[in-house]
Structure formats: C-alpha cells, structure tokens
Amino acid sequence: MQMSQEEIRTIGVRDIPKYQAREDVIWIDVREREEYLLYHIPGAKNLPYDDMEQWEKRLDKSKTYVLYCERGSLSMMAAKQLLKDGYSVCTLIGGIRAVQERNLD
C-alpha cells in the first residue's frame, strides 16, 4: 500500500482479493450507472460521483471504503472528500481499466 502526498491510501490490482476478503471493506464504483452495468468489480456498490452529496452521509464510518472509477481521477477526488470528512478510504490505482487490462493477461 502506498501513501500519496494527499495521504490517500492506494491499492493495486493484485491487492483486490485481499480487500474483497475483508468484512470491514466496502467497494464503491463512482462511475455512472451505465458504465457500472457494463463491467464492475464483483460486490462493488455503484454510488456515482455526481451524487456524492446524497450518498456520503449514509456511509458507516466504522468501515473502510475502496473507491474506483475508470482510470482513478474521480475516485481520488471522492476519496479526498471522504478522508476530509473522517472516513477510512483508499483508491484503486488505475481504476477499472487496470483491472480489465490485468484480466487480459
């Protein structure tokens, strides 16, 4: 796990199984619903970034949230906000694209 300058924890594609096995971790796909329906990480909830104001207040602060988007930009912005508001959060390096590219190997 790496720490960025903003102190957002990041995980790589190889770390996905380890985080999926944890009961305290919730995966959040911040892409639009249409993108989520095409392909997503199994078990991930679709909570679009544009609706963050509505869904953020429903999150449980005792959980750790792993956020991802297409390439990592939107999820990083969402993670910064959640971290600022006191949530335990990390992002997936490279987003869903990195997962898809890894699955092609």
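A short reminder: the numbers here are calculations on the coordinates, not readings from a lab. This one's a predicted model, so the numbers in the text were calculated from it and none came from an experiment. Because the Cβ atoms are built from the backbone with ideal geometry, glycine has one as well, and the counts that use them run over all protein chains shown.
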Rounded to the nearest 5, the percent of DSSP beta bridges in the chain running antiparallel is 10 percent
Between Lys63 and Glu101, the two model label points (7 Å from Cα along the beta-carbon direction) sit apart by a distance in nm of 2.9 nm
Sorted on mean Cβ neighbours within 10 Å (highest first), peptides 84-96, 35-47 come out as 84-96, 35-47
Which of (i) 15.7; (ii) 14.9; (iii) 13.6 gives Kirkwood radius over Cα pairs in Å as computed here? It is (iii)
The lysines whose Cα lies under 17 Å from the Cα of Lys45, excluding any fewer than 8 residues away in the same chain, are Lys57, Lys61, Lys63
